[in-house]
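The values are calculated or read from the model by the stated rules, or taken from the named source; none is laboratory data. The structure presented is a predicted model; accordingly, all values stated were derived computationally and were not measured. Glycine gets a Cβ as well: all are built from the backbone with ideal geometry, and neighbour counts include every protein chain shown. To get the accessible areas, we keep the full protein, side chains included, count just its heavy atoms, and leave off ligands, DNA and RNA. Shrake-Rupley method; radii C 1.70, N 1.55, O 1.52, S 1.80 Å.
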Amino acid sequence: MRRRTGLAIAGVAALAWGEWLNWRWSRGLVGHGGGASEAVVVLGYRNPQSTANLINRRRVRAGIRSIAADGEHGTRLIFSGGATSSGATEAQLMADYAKSVLEFDGTVLLEGQSATTWENITNVIPLLEDVDRIKITSQPAHALKARAYLRRQRPDLAERLVRADDYRPGEWMVVKPLLAVYGLWTLRGLKAGERKVPL
């Protein structure tokens, strides 16, 4: 009985830790920029099959819900991700899912050359030059890493970063501890200032 209680407490603590860490990461390196124009960048994930995989489908949904309620047709949705083993790019597979399954009919732009997060950011920069607000969508730790990369490459554009809607309390809660562990590993190379999260 005592062992079960201990395991239950450990499980709850792990869930709470994963939830908290993902919440913190979702708020890192963003401001409260205003302006009329907006771009939402959705970062792709390895996709060997010919349709968007589970992780990319989740990222597409988060990208679409990140669009400001009053700005659907004034927002550009940018899918970024290079070639897959199926021949199509991650960007194209995500765009197909957004249009055919989620029935998104706003502006979609594709960046299909990137193989790394650094390249994602490098290659979408030309598509961000003229917007007032920039949102980067992925898992919270990955999005934070991408925002740090934008800060390194183009500090002026990084000033336009605002929060995306890629974190919601309780969503994917069971896997958030695993995402937190993976996120800590992913973020290990960033400078302390780039990991800093305002609380």
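Annotation note: GluC sites (Glu not before Pro) in the range 62-156 located in DSSP loop regions with a Cβ neighbour count of at most 13 within 10 Å are Glu103, Glu129. Within the chain, antiparallel bridges make up roughly 5 percent of the DSSP beta bridges whose residues both belong there.
Simple rule: put +1 on each Lys or Arg Cβ and -1 on each Asp or Glu Cβ in the range 1-116, find the dipole, and look at Gln92, Ala10, Thr116; the Cα lying farthest toward the positive end is Ala10. Per-residue surface analysis assigns Lys176 an accessible area of about 10 Å², computed on protein heavy atoms at 1.4 Å probe radius. Among the trypsin sites (Lys or Arg not before Pro) found in the range 1-58, those both in a DSSP coil and sparsely packed, with 12 or fewer other Cβ atoms within 10 Å of their Cβ, are Arg46. If the chain linking Leu178 and Ser37 were pulled fully straight, counting 0.36 nm for each residue of separation and taking away their Cα-Cα distance, it would gain 47.2 nm.
In the range 33-52, whose amide N lies under 15 Å from the spot 7 Å out along Cα-to-Cβ of Asp130? List them in ranges. Zone members listed by number: 36-39. Close amide H contacts of Val41 (hydrogens built in the peptide plane, cut-off under 5 Å, sequence separation of 5 or more or a different chain): Ile78, Lys135, Ile136, Thr137.
Segment Arg168..Thr107, full-extension length gain: 19.5 nm, with 0.36 nm per residue of separation and the alpha-carbon distance subtracted. On the basis of the beta-carbon distance and an R0 of 35 Å, Lys99 and Trp17 show a calculated FRET efficiency of 0.40.
Dividing the summed helix terms, -39500 (n - 2.57) for each DSSP H run of n ≥ 4, by the number of residues in the chain produces a 222 nm estimate of -13000 deg cm²/dmol to the nearest 500.
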